[in-house]
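Asks: The structure's right below; bear with me while I get my questions together.
The values are calculated or read from the model by the stated rules, or taken from the named source; none is laboratory data. Note that the structure is predicted; figures quoted are calculated from it, not measured. Here Cβ is always computed from backbone atoms with ideal geometry, including for glycine, and neighbour counts include all displayed protein chains. Just so you know, the surface numbers come from the protein's heavy atoms only, side chains and all, with ligands and any DNA or RNA stripped out. Shrake-Rupley method; radii C 1.70, N 1.55, O 1.52, S 1.80 Å.
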Amino acid sequence: MRVVPIACLSDNYAYLLVCPETKQAAIVDPSEPGPVLRALEENIGRNGDVKVVAILSTHHHHDHVGGNEAVAEALGVGRVYGHVSDKGRIPKQSEFLEEGATFTIGALSVSILHIPGHTTGAVAYVVTHEPNDPVVFTGDTLFVAGCGRMFEGDPPMFHGSLQKLAKLDGRTQVYCGHEYTEANLRFAAHVEPSNQAVLRAKDRAAQVRKDGRPTVPSTLAEELSYNPFLRVDSPEIRKTLGIAESASPADAFHAIRKAKDGFKA
Ligand code: ZN
Ligand code: FE
């Protein structure tokens, strides 16, 4: 499969997801129509026959669904996916998903994980197409080296959602909703200074951004090695933030989330 990141607004990513066999495609989180339609024109120019059949919304926030209406109308997209509980909050939504739901985009198989925490209706889209490694679109729940703010959920809920993502195949490529990687890694280095994976990722991200490229995708295995929100049992993180050894994983997650909210890199 082909995934094309589309930079939107100041630091958002929408994505063009294309099935290589059928040329059927989906747009993930069209923040605004302009960059999405331009990216599509370039790709249609190259391939001739890409047909967008669906919009996949990860959650209801405006910087993720702001382009739903204009993109759906401009391209005649009939299917707009989102969680069932986001009914009324996602413009043009026509498909109301629950945990475990599946559908296809051409020959691509898509399955849904309900991952509340950033918002209560957040979902991840896991896309597979043999023999490629799977990809996952995580919206604002899991970022490269970080996670979203806890606007609507509670700590056990958000921690449970991250654990659900953590159980995906380690080779799964992670495409998230924002380019926050460098700031996230500054926090990761602050809370876990002796983690070499954090330092390596920091160097790599700095180089990639200097070249003007996106830091997505990472892989899930990489996230497990440096993302503090997937490493709540790390003794070093707990020591840095004064989290008791006896604290539950959800409580440790909460403390790390609060520390990140107040962190000035
Ligand atoms: Zn959001
Ligand atoms: Fe966002």
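Asks: Please identify every one of the GluC sites (Glu not before Pro) in the range 62-166 that sits in a loop by DSSP and has no more than 11 other beta carbons within 10 Å of its own beta carbon.
Replies: Loop-located and lightly packed - Glu98.
Asks: Compute the length gained on full extension between Val84 and Arg200: take 0.36 nm times their separation in residues and subtract their Cα-Cα distance, giving the result in nm to one decimal.
Replies: Contour length minus Cα-Cα distance gives 37.8 nm.
Asks: Another question, if that's okay. Considering only DSSP beta bridges whose two residues both sit in the chain, what percent are antiparallel, to the nearest 5?
Replies: Of all bridge pairs located within the chain, approximately 65 percent are antiparallel.
Asks: If r is the Cβ-Cβ distance from Ser94 to Arg213 and R0 is 35 Å, what FRET efficiency results, to the nearest 0.05?
Replies: 0.55
Asks: Could you derive backbone 3J(HN,Hα) for the range 89-94 from the dihedral phi with the Karplus parameters 6.51, -1.76 and 1.60 (θ = phi - 60°), listing whole Hz in sequence and x where the residue is Gly or Pro?
Replies: With coefficients 6.51, -1.76 and 1.60, one gets 10, 10, x, 6, 4, 10 Hz.
Asks: Which value results when the Cα radius of gyration for the chain is divided by 2.2 N^0.38 Å?
Replies: 0.99
Asks: So what J values fall out for the range 101-113 if you push phi through Karplus, 6.51 cos²θ - 1.76 cosθ + 1.60 with θ = phi - 60°, rounded to Hz, Gly and Pro as x?
Replies: Each residue's phi maps through the Karplus curve to give 4, 9, 7, 10, 10, x, 8, 8, 9, 10, 10, 10, 10 Hz.
Asks: Would you look at the GNM of the chain, springs on alpha carbons closer than 10 Å, and say which of Gly67, Gly177, Gly139 moves the most?
Replies: Gly67
Asks: Which trypsin sites (Lys or Arg not before Pro) does the range 37-111 hold that lie in a coil by DSSP with at most 14 other beta carbons within 10 Å?
Replies: Here the trypsin sites (Lys or Arg not before Pro) that fit, given the DSSP loop and packing criteria, are Lys87.
Asks: With every protein chain kept in the model, how would you rank Thr102, Thr219 by accessible area, 1.4 Å probe, largest at the top?
Replies: Ranked from most to least accessible, the order is Thr102, Thr219.
Asks: Which percent of the accessible heavy-atom area of the range 33-189 goes to carbon and sulfur, probe 1.4 angstrom?
Replies: Carbon and sulfur together cover 50 percent of it.
Asks: Roughly how much of Cys176 is accessible, in Å² to the nearest 10, using a 1.4 Å probe?
Replies: Around 0 Å² of this residue is reachable by solvent.
Asks: Can you list, largest first and rounded to whole Å, the semi-axes you get for the range 192-265 by taking the square root of 5 times each eigenvalue of its Cα gyration tensor?
Replies: One finds semi-axes of 26, 13, 11 Å for the range 192-265.
Asks: With a cut-off of at most 14 other beta carbons within 10 Å, and DSSP calling the residue loop, which chymotrypsin sites (Phe, Trp or Tyr not before Pro) in the range 211-265 qualify? Please list them.
Replies: In loop regions of the range 211-265 (DSSP not H, G, I, E or B), the sparsely surrounded chymotrypsin sites (Phe, Trp or Tyr not before Pro) are Phe263.
Asks: Per residue of the range 237-244, what does 6.51 cos²θ - 1.76 cosθ + 1.60 with θ = phi - 60° give for ³J(HN,Hα)? Whole Hz please, x for Gly and Pro, Karplus curve as stated.
Replies: Those phi angles translate into 4, 5, 5, 4, 9, x, 8, 4 Hz.
Asks: Pick from Pro156, Pro131, Pro193 the residue whose mean-square fluctuation is largest in a GNM of the chain, springs joining Cα atoms under 10 Å.
Replies: Taking springs between Cα atoms under 10 Å, the residue moving most is Pro131.
Asks: In square angstrom, what is the accessible area per residue of the chain with a 1.4 angstrom probe?
Replies: Per residue, the chain has an accessible area of 42 Å².
Asks: Name the lysines eligible as straight-distance cross-link partners of Lys264: C-alpha to C-alpha under 17 Å, and not fewer than 8 places from it in the same chain.
Replies: Those lysines meeting the cut-off are Lys202.
Asks: Quick one: if the Förster radius is 22 Å, what FRET efficiency do Ala265 and Leu224 give, using the C-beta to C-beta distance and rounding to 0.05?
Replies: With a Förster radius of 22 Å, E is 0.45.
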